[in-house]
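One structure is given here, and the rest of the page talks about it.
The values are calculated or read from the model by the stated rules, or taken from the named source; none is laboratory data. It should be emphasised that the depicted structure is a prediction, and the values quoted were computed from it without experimental measurement. As a convention, Cβ positions derive from the backbone with ideal geometry for all residues, glycine included, and neighbour counts pool all protein chains shown.
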Amino acid sequence: MKLSALTRAAAIGGIAALTLTSCAANEGAPAPEDGETSSLSGELVGAGASSQGSAQEAWVAGFQTTHTEVTVNYDPTGSGAGRETFQQGASAFAGSDRAFKTEEIEAGPFEACAPDSGLVEFPAYISPIALVFNVEGVDSLKLDAATVAKIFSGKITNWNDPAIASQNEGVSLPDLNITAVHRSDESGTTENFTDYLAATAPDDWTVGAIESWPTEFGGEGAQGTSGVVEAVTGGVGTIGYADASRAGDLGTVEIKVGEEYVAYSPEAAAAIADASAFEEGRGENDLALELDRTTTEAGVYPIVLVSYLVGCEQYTDAANAELVKEYFSYIVSEDGQNTAAEAAGSAPISEELRGKVQPVIDAIS
């Protein structure tokens with residue numbers, strides 16, 4: 001997994017731009033109160049999930065308010081690119097909308113990590129994935145899993161299709177072609193969305209949970225979360241999937257869970273995360289969740305993005321270890337999680353989950 005020259009150049013350019021942003025945020029931050037100053041200093045580089053973009057901006061500002069001699073740069077290049085950058089040692093940590101697969105970890109190597117070091121992975125950003133659409137005169141729709149799967153696989157192509165109309169009595173649906181917008185880049189958001197489809201509508205979605213959209217399904221591709229939102233906003237009869245914090249004024253979909261339709265919310269997203277178990281067969285400090293997408297529990301929204309922070313148990317550079325440990329601890333703290341919720345509409349992790357995550361962070365050295 002070697003980074004191309006163009007990728008490296010883009011990363012350097014992005015980091016340079018982010019450095020300016022981080023310094024500006026640092027200079028504009030209020031002075032720390034007595035007892036809150038820090039002797040920590042240095043530069044911390046991370047990259048990855050665009051879904052974490054707004055939260056990372058808020059976390060950087062909050063962290064640098066106390067740690068005034070630290071510059072944190074996070075480049076929201078997307079989950080796949082972030083994992084690659086981290087694995088190549090070009091960043092000290094990654095944000096990713098999925099954990100590394102066990103076979104990816106076994107294949108290695110991870111250049112920033114000491115030899116034989118395991119990975120630290122844990123959920124840090126929990127948010128519903130909204131289905132957003134742009135149909136004039138329609139602000140909200142109700143859809144079950146099978147209908148969603150048929151729309152995105154190209155089996156349902158018109159907004160007045162009986163499968164949609166039957167779930168939305170009283171809604172005036174136009175005779176209008178559907179344009180389904182998907183991520184064109186490798187995306188953890190896509191994997192979370194397709195994991196839901198594979199679990200809840202296996203007869204209509206047969207390609208499983210995937211990061212790269214299947215070309216045979218057609219539709220319109222767009223780069224990153226921003227690209228999907230822009231394509232849906234600028235189109236006619238469009239529908240796409242994106243982190244709910246970016247839904248804006250677009251129409252949104254309530255998803256059928258059991259016998260009810262559930263609208264997305266941070267609370268509904270957090271509910272499914274707390275009800276799910278950690279995957280087996282992973283390292284001691286690798287907390288990858290196995291989400292129960294098929295739940296019928298009332299008030300639970302099942303199309304959830306759980307975005308991870310990824311680091312090394314042991315770093316080759318002790319300075320990176322200290323910075324990552326401190327930054328990760330701030331992110332999962334109550335203050336850090338509330339800061340992200342205000343900035344990005346995410347769901348703060350529970351005290352129960354925080355109690356499992358903090359020992360993992362403490363293991364970094």
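When region 213-232 is filtered for residues that are loosely packed, with under 15 Cβ neighbours inside 10 Å and within 24 Å of Asn160 (Cβ to Cβ), only Phe217 remains. Residue count for region 82-117, restricted to those that are without any contact (Cβ under 8 Å) to a residue 60 or more places away in the chain, farther than 21 Å from Ser365 by Cα and not in a helix (DSSP H, G or I): 1.
Count, please, the residues in region 197-206 that happen to be in contact with a helix residue (DSSP H, G or I) (Cβ under 7 Å, 6 or more places away or on another chain) and farther than 10 Å from Ser153 by Cα.
Counting residues in region 197-206 that are in contact with a helix residue (DSSP H, G or I) (Cβ under 7 Å, 6 or more places away or on another chain) and farther than 10 Å from Ser153 by Cα gives 3.
Restricting attention to region 335-364, the residues that are more than 18 Å from the chain's Cα centre (by Cα) and closer than 21 Å to Tyr74 by Cα total 3.
If a residue has to be exposed (fewer than 15 other Cβ atoms within 10 Å of the Cβ) and farther than 16 Å from Asn134 by Cβ to count, how many in region 164-174 make the cut? I'd like the intermediate steps shown before the answer.
The initial filter retains those residues of region 164-174 that are exposed (fewer than 15 other Cβ atoms within 10 Å of the Cβ), namely 165-166, 169-170, 172, 174.
The next check asks that each one be farther than 16 Å from Asn134 by Cβ; those that pass are 165-166, 169-170.
The number of residues fulfilling the criteria is 4.
Quick check on Gly82: is it within 30 Å of Thr252 (Cα to Cα) and surrounded by fewer than 22 Cβ atoms within 10 Å (Cβ to Cβ)? No.
Note on region 168-185: residues that are under 29 Å from the mean Cα position of the chain (by Cα) and of a type outside the set (Gly, Ala, Ser) amount to 6.
Checked against (1) assigned to a helix (DSSP H, G or I); (2) in contact (Cβ under 8 Å) with a residue 12 or more places away in the chain; (3) of a type outside the set (D, E, K, R), Asn338 meets all criteria but (2).
Look through region 304-314, keep the residues that are crowded, with 24+ Cβ neighbours inside 10 Å and either at pLDDT 95 or above or polar (S, T, N, Q) (or both), and return whichever of them is farthest from Ala269 (Cα to Cα). So the residue we want is Cys312. The lone criterion from (1) surrounded by fewer than 22 Cβ atoms within 10 Å (Cβ to Cβ); (2) in a strand (DSSP E or B); (3) β-branched (Val, Ile, Thr) left unmet by Val132 is number (1).
This table checks each residue for (1) of a type outside the set (Gly, Ala, Ser); (2) modelled with pLDDT under 95; (3) assigned to a loop (DSSP other than H, G, I, E, B); (4) in the same structural domain as Ala347 (by TED's automatic domain parsing).
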{"site": "Thr189", "(1), (2), (3), (4)": "yes, yes, no, no"}
{"site": "Phe193", "(1), (2), (3), (4)": "yes, no, no, no"}
{"site": "Leu197", "(1), (2), (3), (4)": "yes, no, no, no"}
{"site": "Val207", "(1), (2), (3), (4)": "yes, no, yes, no"}
{"site": "Arg293", "(1), (2), (3), (4)": "yes, yes, yes, no"}
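Being in a strand (DSSP E or B), touching a residue at least 60 places away in the same chain (Cβ under 8 Å) and in contact with a Leu (Cβ under 8 Å, 6 or more places away or on another chain) is a property that Val232 lacks.
Of all residues in region 118-148, those that are of a type outside the set (Gly, Ala, Ser) and within 12 Å of the chain's Cα centre (by Cα) total 5. Consider region 341-359 and keep the residues that are closer than 17 Å to Ile272 by Cα and without any contact (Cβ under 8 Å) to a residue 24 or more places away in the chain. The one that is surrounded by the fewest Cβ atoms within 10 Å (Cβ to Cβ) is Glu351.
The residues listed here are Glu259, Glu279; of these, the one that is modelled with pLDDT of 90 or more, surrounded by fewer than 21 Cβ atoms within 10 Å (Cβ to Cβ) and assigned by TED's automatic domain parsing to the domain that holds Ile151 is Glu259. Restricting attention to region 242-264, the residues being acidic (Asp, Glu), under 26 Å from Thr339 (Cα atoms) and part of a loop (DSSP other than H, G, I, E, B) number 1. Whenever a residue of region 157-171 is more than 10 Å from Leu141 (Cβ to Cβ), it has no partner that is surrounded by fewer than 16 Cβ atoms within 10 Å (Cβ to Cβ) and of a type in the set (Ser, Thr, Tyr) lying with C-beta atoms less than 8 angstrom away and at least six residues away or across chains.
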